[in-house]
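Take a look at the structure set out below.
Read-outs: derived from the displayed coordinates by stated rules, not from any lab. Keep in mind that what you see is a predicted model, and the values were worked out from it rather than measured. No Cβ is skipped: glycine too gets one built from the backbone with ideal geometry, and neighbour counts run over all protein chains shown.
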Amino acid sequence: MTTSPSSPAPNQDSGLWQPNRQLSKSVELIAKIVFGAFGFLSILVTAGIIFTLIFETIGFFREVSIVQFLTDRQWTPLFTNSRFGIMVLISATLLTSFIALVVAMPLGLLSAVCLSEYAPRSLRRWLKPALEILAGVPTIVFGYFALFLVTPFLKLLVPGLQTFNGLSAGIVLGIAILPTIASLSEDAIYAVPQSLRQGSYALGATKRETITNVVLPAALSGIVASFILGIARAVGETMIVTVAAGQNPRLTLDPRVPIQTMTSFIVQVAGGDTPTGSLSYRTLFAVGMTLFVITMALNLFSFWFVRRFREKYE
């Protein structure tokens, strides 16, 4: 059959697309290089932080025995008679974090169940963002909220409660981490396939029985991960415990008295009055390294738990 002179030849049509293909490949290569550079930069920043902590911490342990650091019951690194018992700060950090978890864990889980299983779609659409607004509140605001509102109220209920105390700091810290636990738990519950719910209903289970016996066990890995991430956030929180809990280092589990957490001590030393290169200055990095190890251990455990107990559905 004879080809019409007005119709384009096949090789002409493919030649028109050749420059566009080359341009697309070039743009894709540039995008890969840029994204890879940013990813590599984040790795370099993380490595720089770790090596800085390790280098300064080694200098600290050249002057202070690690046995004293782990077993001493007093923490007075800025005094003339210096003592370096890190367990004083760790106990205060764990105390406020435990109180925060006691507050945030049931409230966050119940909020997640309500949003995922009971709230209508229209209500969930604005209720979840409203809950997550708490995550955007500056922590210094939470700190003064604990000091000027929560503490005076608790003094009416708890005898012997002092102005600066670990109880009010832990309660408000729980409110601060509530959006993290609620949002992540709700995502895990919402991701459970509807077929599991329908199968439970078909067997005669009620909505409550379906939630407690089917949905929550299926979403267990995500819920536990949200709890662990909430603990990690509470351990690393700074301004709430600095303002509300005080800066009195003591080895105690009494939440009514002033205490000092690891982050609160870092704020105290980072004020600029400590001479650079001194032992007190290196103490800052030793505490920071301890805090880094704790949060890293929590994140690794969360990662392992999710991978170990995650349910996969078709």
ask   = Which distance in nm do the two modelled labels at A270 and Y190 give, with both placed 7 Å along the Cα-to-Cβ direction?
value = 3.3
task = Could you sort 167-178, 126-137 so that the peptide with the highest average Cβ count within 10 Å comes first and the rest follow in order?
result = 167-178, 126-137
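Only Lys, Arg, Asp and Glu count, each charged at its Cβ (+1, +1, -1, -1), so figure out the dipole size of the chain about its Cα centre, rounded to 20 debye. List each step's numbers first, then the result.
Values: 22 positive and 15 negative charges, 72 e Å.
It works out to roughly 340 debye.
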ask   = Which angle between 0 and 90 degrees, to the nearest 10, do you get for helix 10-61 versus the longest principal axis of the chain when only C-alpha atoms count?
value = 10
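Just to verify a number: FRET efficiency for D254 and A119, C-beta to C-beta distance, R0 = 35 Å, to 0.05? Intermediate results must be reported in sequence, preceding the final value.
On the way: r = 40 Å, r/R0 = 1.14.
With a Förster radius of 35 Å, E is 0.30.
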query = Cα axis of helix 279-309 to longest principal axis of the chain: angle in degrees, 0 to 90, nearest 10?
reply = 50
query = Gap in Å between the Cα centre of the range 250-298 and the Cα centre of the range 108-183?
reply = 25
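Note the full-extension length gain between F61 and E28 as 0.36 nm times their separation in residues minus their Cα-Cα distance, in nm to one decimal. Don't jump to the answer; show the numbers that get you there.
Values: separation 33, 0.36 × 33 = 11.88 nm, distance 4.93 nm.
Roughly 6.9 nm would be gained on extension.
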request  = Round to the nearest 10 and give me the degree value, 0 to 90, for the angle of helix 220-236's Cα axis relative to the longest principal axis of the chain.
outcome  = 50
Distance between modelled label sites at R308 and R83, nm, 7 Å Cα→Cβ extension = 3.8
query = Could you work out the helix-only [θ] at 222 nm for the chain, with each DSSP H run of four or more residues adding -39,500 (n - 2.57) and the total divided by the number of residues, to the nearest 500 deg cm²/dmol?
reply = -22000 deg cm²/dmol
note = Largest fluctuation, T180, T212, T263 only, Gaussian network model of the chain with Cα springs under 10 angstrom, belongs to T212
key: Peptides ranked, highest mean first, by Cβ atoms within 10 Å: ranges 219-231, 277-289, 89-101   = 89-101, 219-231, 277-289
key: the range 58-76 versus the range 211-246: alpha-carbon centroid distance in Å   = 31
note = 1/(1 + (r/R0)^6) with r = Cβ-Cβ of T76 and L157, R0 = 22 Å, i.e. FRET efficiency to nearest 0.05, evaluates to 0.10
key: Protection proxy ranking of 68-74, 241-247, 112-118 - average other beta-carbon atoms within 10 Å, highest first   = 241-247, 112-118, 68-74
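Listing L147, L154 from the residue with the fewest other Cβ atoms within 10 Å to the one with the most, what is the order?
L154, L147
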